[in-house]
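S.K.: Starting off with a structure, shown below.
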Amino acid sequence: MTERRPFTKDLSRKEILEIKACTECRECLSVCPVQEVTDNPAISPPERLKMYREFINRTEGLKALVTGGEVDRKLLEDFTRAVFECTTCGACGEICPVGIDTQRLWPLLRREMVKRGIGPIGNQRDLPEVIRRTGNPYDQPPSERYSPWIPEGIPVKNKAEIAYYAGCTGAYQAQPMVKGDLLVLRAIGEPFTMLGPEDEVCCGFPLFITGQFQMLESLVKRLIDAYRSRGVGILLCSCPCCVNLMVRDWPRFYGSPLPFRIVHITQYVADAIRKGKLKIVDGLDENIIYHDPCYLSRGVGVIEEPREVLRAIPGAKILEFDRHGRNSRCCGAGGAARKIFHENAIAMGRLTIDEACEKGADKLVLSCPACYEKVNEAMKDHTGKVPIVDIMELLSRLI
Amino acid sequence: MEALIAYISYPIFLVAYIKGVQNAILVCRASPEAHLHPEAGRLSIFLAGVLDVVFLGRLFKVNKALWIGEWLFHLTFVLTLIGHLRFILYSPPAWMSTTVCIGKYAGILLPFTIVYILFVRIMNRERKHFISIRNIMLITHICFLGLTGVLMRYMIRPDIISVKHFMISLLALRPVMPPPETLFIIHYLLFLGLLLYIPSHIIGAPLVIIAARLRGERAKLLHYPGRETTYD
Ligand code: SF4
Ligand code: SF4
């Protein structure tokens, strides 16, 4: 079977240039977590970009005269598998001497494979239907979105300047994290609102990251209009993936600038600590190590604020991973690859755990629900053990 | 043989030209980036991006040993190319004598930079997949191109007038026989090979490096309190 659709059809100028710009220097192989656990250069960034260039050449370049503008299905399947095995962590783009924005490019190349009916892989295909039916990618009842974890006595207003978006992964898979968020928000004491459990639907990230863009516009409009009707000026969220999509892509899908600002919870809390609105009462005489989530550090540049929050804990000694900040190593949870390429994700999670242990950390602090879920899973049956805690979960115990 | 060389030049020029035009069309007809943040247009950021291109600033940050080799390689390559302009002009302008002089030294340095790059890559044992076969072939190719050039300058000098005559006749579409020196023929064939082999990053990479600088600035924009967050 062959394909004729131009491979550049839905790509922008910048993306085409990026595909052509790879010098095959292979610097990125040294930081790619997938390479670290698979040691398979055939699925590395330069190989993927080379494959994609070949697709373009065979369908639109001089080679099309020889190939008849056709690309073999097997090649497309190999590419699809390679691009979906990636965690989209963006470490390759960070180290890349050319600066290819890979965190952005890989989902767009995935989208092309989806349009050709080759991607996504496995049960990722079910995501649009599951989200359409339940409003979340985990096929969980929307009515139970908040009930198992929302603490008693949290004063959620109907309308407020500040809104809190829990996100599906936090609400269904990393509940101590979102519970911690709400306890800290309560302690700060500024009024905030939340959408009802049936109205707080998926932000669209799982669809975006798997290249399935069909429903994005309607999801985004639904959420933005709901927050707008509650008079929201600041939308707080703790999930780096949601924040990333909200900041970078919601305006595109909404068709205009957002009527409110997006703020990551660590930014809001760091500011509250600075202004004396939040007091940390108890200290912590421990070594804590903070893992930068790829979509928070490389994605939107929130690196300093989580550290500012941790530094405010009396007695806590903050350690750093060898690779931290914009260069942090993926814990394996990203890119919707963690369910399909489960073993890769577990192996990557264990690298993070092992380094935390080697550094002598008493606690591994995370600030992403996907990391939280996967690193906890990676710890099961693993020799290395370190208590894992979300940054707001930790803070909520000390205020 | 010489006549053949004159005539195979044209299909190769044509293929290289078509490849270039096709790439340009692909890029031009695609849509521009949507929702670029206003910061993206700032001149200072753009100029910082241009400096990144000229000094390979991003490579400097990640691999200093390689950076010096790569930077010298690109510099000497460009200077050598400029020095070659005199071969396509019957009476080069006076200022070109400087470029010829610089190009002469750059040409000598060029093969050494390549050997150095290979050395750095091979010595980097931490990285198992340190270099691609394609890159080995490309830089070996350029190394031989440089070496034959150096040999011609210092050992077996071809008749410079007939070299010029040949080059200018090619451009005027009235090809004459190239000088019969074997070394020149090899050098010229290697040049033709390079034209076919020209990597696509030559045009793409500088533009992407500039865009990366804009992206770096953009990532600083999610600040609370105070800044707008609706970018890209
Ligand atoms: S985004 Fe991360 S996982 Fe994917 S290729 Fe780049 S470094 Fe590897
Ligand atoms: S670091 Fe960038 S230019 Fe080098 S091989 Fe990787 S993607 Fe290509």
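The values are calculated or read from the model by the stated rules, or taken from the named source; none is laboratory data. None of the values given here were measured: they were computed from a predicted structure. A quick note on method: Cβ atoms are made from the backbone with ideal geometry, for glycine too, and the neighbour counts reach across all protein chains shown. Surface accessibility is based on the protein's heavy atoms, side chains included, excluding ligands, DNA and RNA. Shrake-Rupley method; radii C 1.70, N 1.55, O 1.52, S 1.80 Å.
S.K.: May I ask for the angle, rounded to the nearest 10°, between helix A:102-115 and the longest principal axis of chain A, with both axes built from Cα atoms and the value confined to 0 to 90°?
M.R.: That works out to roughly 60 degrees.
S.K.: Determine the order of A:Lys363, A:Lys380 by accessible area, beginning with the largest, at a probe radius of 1.4 Å.
M.R.: On the way: A:Lys363 30, A:Lys380 130 Å².
So the residues, ranked largest to smallest area, are A:Lys380, A:Lys363.
S.K.: Another one. What does the average come to when, for each residue of peptide A:359-367, you count the partner chain Cβ atoms lying within 10 Å of its Cβ? Could the numbers behind the result be given before it?
M.R.: Values: counts 0, 0, 0, 0, 0, 0, 0, 0, 0.
Going residue by residue through A:359-367 and averaging, the value is 0.
S.K.: Something else now. What do you reckon, how do B:Leu189, A:Leu310 stack up by accessible area (1.4 Å probe), largest on top?
M.R.: On the way: B:Leu189 65, A:Leu310 0 Å².
So, going from the largest accessible area down, we get B:Leu189, A:Leu310.
S.K.: Taking amide H positions as placed in the peptide plane 1.01 Å from N, state which residues far from A:Ile318 in sequence (5 or more) or on other chains have amide H under 5 Å from it.
M.R.: Excluding prolines and chain starts, which carry no amide H, the hits are A:Ile288.
S.K.: Sticking with this one: Past 21 Å, Cα to Cα: identify those pairs from A:Lys74/A:Lys339; A:Lys317/A:Lys363; A:Lys157/A:Lys277, in the order given. Intermediate results must be reported in sequence, preceding the final value.
M.R.: Details: A:Lys74/A:Lys339 23 Å; A:Lys317/A:Lys363 10 Å; A:Lys157/A:Lys277 19 Å.
Violating the 21 Å Cα-Cα cut-off are A:Lys74/A:Lys339.
S.K.: Continuing with the same structure: To the nearest 10 Å², what's A:Ser218's accessible area with a 1.4 Å probe?
M.R.: Accessible surface of A:Ser218 is approximately 70 Å².
S.K.: Can I ask one more? If r is the Cβ-Cβ distance from A:Asp282 to B:Asn124 and R0 is 60 Å, what FRET efficiency results, to the nearest 0.05? Provide the component values of the computation, followed by the final result.
M.R.: Values: r = 48 Å, r/R0 = 0.80.
That gives a FRET efficiency of 0.80.
S.K.: In addition: In nm, give the distance between the simple-model label positions of A:Asn40 and B:Ile136, each being 7 Å from the Cα along the Cα-to-Cβ direction.
M.R.: 2.3
S.K.: Filter chain B for me: DSSP H helices, axial length by Cα at least 24 angstrom, mean Kyte-Doolittle hydropathy not below -1.0. List them by residue number. Write out the running numbers ahead of the final one.
M.R.: Details: long enough: B:2-29 (41 Å, 1.19); B:64-83 (28 Å, 1.25); B:96-123 (39 Å, 1.57); B:133-154 (31 Å, 1.24); B:201-219 (26 Å, 0.76).
Span-like helices here: B:2-29, B:64-83, B:96-123, B:133-154, B:201-219.
S.K.: Related question: What angle, in degrees between 0 and 90 and rounded to the nearest 10, separates the Cα long axis of helix A:73-85 from the longest principal axis of the Cα atoms of chain A?
M.R.: Approximately 20 degrees, to the nearest ten.
S.K.: What's the buried accessible area, both sides, between B and A using a 1.4 Å probe, rounded to 100 Å²? Display every interim value, and only then the final one.
M.R.: Details: alone 15310 and 15870 Å², together 26470 Å².
Heavy-atom accessible area buried at this interface is about 4700 Å².
S.K.: Pop out the ³J(HN,Hα) list for the stretch A:202-212 in order, Karplus 6.51 cos²θ - 1.76 cosθ + 1.60 with θ = phi - 60°, rounded to Hz; leave Gly and Pro as x.
M.R.: With the stated coefficients, the stretch A:202-212 comes to 3, 6, x, 4, x, 6, 4, 6, 9, x, 9 Hz.
S.K.: Taking a probe of 1.4 angstrom, what is the accessible area of B:Lys104 in Å², to the nearest 10?
M.R.: 60
S.K.: Could you give each residue of the stretch A:377-386 its phi-based ³J(HN,Hα) in whole Hz, using Karplus coefficients 6.51, -1.76, 1.60 with θ = phi - 60°, and x for Gly or Pro?
M.R.: Rounded to whole hertz, the list is 5, 5, 6, 4, 6, 10, 5, x, 9, 8.
S.K.: Further question on the same structure: Across the stretch A:287-292, in residue order, what do the Karplus-derived ³J(HN,Hα) couplings come to in whole Hz, using 6.51 cos²θ - 1.76 cosθ + 1.60 with θ = phi - 60° and x for Gly and Pro?
M.R.: Calculated HN-Hα couplings, in order: 8, 10, 10, 9, 9, 6 Hz.
S.K.: Near the amide H of A:Lys157, under 5 Å away, which other amide H atoms are found, from residues 5 or more places off or on another chain, if H is placed in the peptide plane?
M.R.: Sorted by chain and number, the residues that satisfy this are A:Phe192, A:Thr193, A:Met194.
S.K.: Go from 0 up to the bin containing the longest alpha carbon distance in chain B, width 10 Å each, and give me the % of pairs per bin.
M.R.: 6, 23, 30, 23, 12, 4, 1, 0
S.K.: Now, a different point. Taking each residue of B:51-60 in turn, how many C-beta atoms of other protein chains fall within 10 Å of its C-beta, and what is the average? Before the final figure, lay out each step's value.
M.R.: On the way: counts 0, 3, 1, 0, 0, 2, 2, 7, 7, 1.
Average per residue, whole number: 2.
S.K.: For a test of understanding, tell me how many lysine pairs in chain B have Cα atoms under 22 Å apart, given they are 8 or more places apart or on different chains. Before the final figure, lay out the partial values.
M.R.: Values: B:Lys61/B:Lys128; B:Lys61/B:Lys220; B:Lys64/B:Lys128; B:Lys104/B:Lys164.
Taking the Cα cut-off of 22 Å, the pair count is 4.
S.K.: Could you check the spin-label model distance between A:Asn158 and B:Leu43? Points 7 Å from the Cα along Cα→Cβ, value in nm.
M.R.: Each label point is offset 7 Å from its Cα along the Cβ direction, giving 5.4 nm.
S.K.: Can you list the aspartates and glutamates whose alpha carbon is less than 12 Å from that of A:Lys275, not counting same-chain residues fewer than 8 positions off?
M.R.: By straight Cα distance, A:Lys275 reaches no aspartates and glutamates at all.
S.K.: Just by accessible area at a 1.4 angstrom probe, what is the order of A:Ser229, A:Ser256 from largest to smallest?
M.R.: Ranked list, largest accessible area first: A:Ser229, A:Ser256.
S.K.: While we're looking at this one, here's another question. So which aspartates and glutamates pass the test for A:Lys20, namely a Cα distance under 17 Å, with those fewer than 8 places away in the same chain ruled out?
M.R.: A:Asp10, A:Glu47, A:Glu54, A:Glu60, A:Asp101, A:Glu112, B:Glu33
S.K.: Using a 10 Å cut-off on Cβ to Cβ distances, tally the other chain neighbours for every residue of B:197-206 and report the average as a whole number.
M.R.: Numbers: counts 0, 0, 5, 10, 9, 3, 3, 11, 10, 3.
If you average over the peptide's residues, the count of other-chain Cβ atoms is 5.
S.K.: Another question, if that's okay. Over the stretch A:124-270, what portion of Cα pair distances is larger than 20 Å, expressed as a whole percent?
M.R.: Values: 4677 of 10731 pairs.
Tail fraction, whole percent: 44.
S.K.: Let me ask something else. Starting at 0 and stepping by 10 Å, how many percent of the alpha carbon pairs of chain A end up in each bin?
M.R.: Taking all Cα pairs of chain A, the binned fractions are 5, 23, 32, 25, 12, 3, 1, 0 percent.
S.K.: Roughly how many Å² of B:Ile122 are accessible to a 1.4 Å probe, to the nearest 10?
M.R.: The accessible area comes out at roughly 80 Å².
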